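None of the figures in this text is laboratory data; all of them are computed from the coordinates on show. Fair warning: this is a prediction, and the values are worked out from it, not measured in the lab. FYI the Cβ positions are ideal-geometry reconstructions off the backbone, even for glycines, and counts take in every protein chain you see.
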């Protein structure tokens, strides 16, 4: 197992963190996800056999590209949707 810190764009609040944690935790093999909204980072623990690109792809799909990637309007809109869903799910619990 290895733990990696990934710096992302569009991370705004606990709603974003909730969605990211939920979605990354669903990837088979991911054992721990910690989102830090102060540093715009995600710590992910996963097995050596899992490709890093799978995690990056999932984050990108949710609207949270790596900080070094291009961050266009479509990704920003996706992140707002993911954030809203995270907030709603937090309220349900």
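A few remarks follow.
- Residue count for segment 25-47, restricted to those that are within 21 Å of residue 74 (Cβ to Cβ) and not in a loop (DSSP other than H, G, I, E, B): 1.
- Taking the criterion of being surrounded by fewer than 17 Cβ atoms within 10 Å (Cβ to Cβ) and over 13 Å from residue 7 (Cα atoms), the only residue of segment 59-69 that qualifies is 61.
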